[in-house]
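A.B. asks: Have a look at the structure that comes next, please.
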Amino acid sequence: MRQYEVTFIVDPVLSGDEIKSTAKTYSDMLEKEGAKIVNVDEMGLKQLAYSINKRSSGIYFCIEFSIVEGSVIPGLELALRRDERIMRFLTVRLDKYGVKYNDDKRNGLIGKVVKAKEKEEKKEYKKGRANKPAAKAAPAPAPAPVATPAPPKSEEE
Amino acid sequence: MASRDDIKFLSNPNIGSRAKKYCRFKKFGIKHIDYKDPDFLMQFINAQGKVLPRRITGNSLKYQKRVAIAIKRARHLAFLPYVTDLLK
């Protein structure tokens with residue numbers, strides 16, 4: 001079961017539901033071909049870095065699917081090429097790290113993708129080293145909360 | 001004879017040395033570079049949108065190639081411009 005990811009940009013001048021139906025046609029087509037859709041991710045309206053046939057913004061879609069035999073892909077790309085609502089598309093095969101990355105991203109492991117990915121690894125890296133001194137620090141804060149509630153009562157009387 | 005710490009040096013002895021560059025992908029264990037998020041890729045291109053060389057980014061060869069591929073894919077999908085000025 002190989003995992004693929006097709007990202008495409010839909011023309012923004014279309015109406016909302018037509019945009020949804022465009023994405024739907026491709027996920028249905030894949031399902032008909034026997035693919036298992038892992039996730040349809042609508043990244044929404046984004047400004048393009050450069051204008052593509054007189055448009056400066058587009059709606060990004062990313063469909064992740066896994067299929068057994070790869071002969072489905074040329075058919076999918078042919079359809080994408082023919083469809084004039086699609087401004088641009090890119091099909092990519094995902095290796096196991098790519099699959100793991102997308103799953104992590106979905107269940108929020110990678111919060112802010114840029115720094116969190118590095119911070120997340122750094123935390124684990126530090127946690128491994130820090131758990132020895134942490135044992136001493138834990139008892140210290142315990143007495144502090146007891147002290148604070150006492151003074152406010154005395155002020156009220 | 002004056003011992004080493006009595007001597008007052010005119011300038012800081014390690015002023016010339018530069019921090020050791022490292023490959024951030026190997027150090028933090030990042031395995032996959034996503035071509036869909038331009039903010040992360042922005043760190044590897046210069047103000048004109050060109051891919052920065054390895055001696056600047058400090059990446060290892062393996063991950064520099066993957067970064068370059070991801071940047072080209074991002075350009076194809078208009079996440080990143082092919083050429084621009086004052087990008088940052």
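A.B. asks: Starting from the 7 Å offset along Cα-to-Cβ, what nm value, one decimal, do you get for the label separation of B:Lys31 and A:Arg81?
C.D. replies: Calculated label separation equals 3.4 nm.
A.B. asks: Continuing with this model, one more query. Counting only other chains, what is the mean number of Cβ atoms within 10 angstrom of the Cβ of each residue in peptide B:38-44? Spell out each step's value before the answer.
C.D. replies: Working: counts 3, 4, 6, 1, 1, 1, 0.
Mean shielding count: 2.
A.B. asks: According to a simple spin-label model (label point 7 Å from Cα along Cα-to-Cβ), what is the distance in nm between B:Asn12 and B:Lys65?
C.D. replies: For B:Lys65 paired with B:Asn12, the spin-label model returns 3.9 nm.
A.B. asks: Still on this model: Can you tell me the orientation of helix B:61-76 relative to chain B, as the angle in degrees between its alpha-carbon axis and the longest Cα principal axis, to the nearest 10?
C.D. replies: Value to nearest ten degrees: 40.
A.B. asks: Given a cut-off of under 8 Å on Cα pairs at least six residues apart, what relative contact order in percent is computed for chain B?
C.D. replies: Details: 67 pairs, mean separation 28.6, N = 88.
This gives 33 percent for chain B.
A.B. asks: For the pair A:Ser66/B:Ile56, report the inter-label distance in nm, with labels modelled 7 Å from Cα in the Cβ direction.
C.D. replies: Label at A:Ser66, label at B:Ile56, 4.0 nm between them.
All of the numbers you see were taken from the coordinates with simple rules; none came from a lab. Everything quoted here is computed from the prediction, not taken from an experiment. Reconstructed Cβ throughout: ideal geometry from the backbone, glycine too, with neighbour counts over all protein chains shown.
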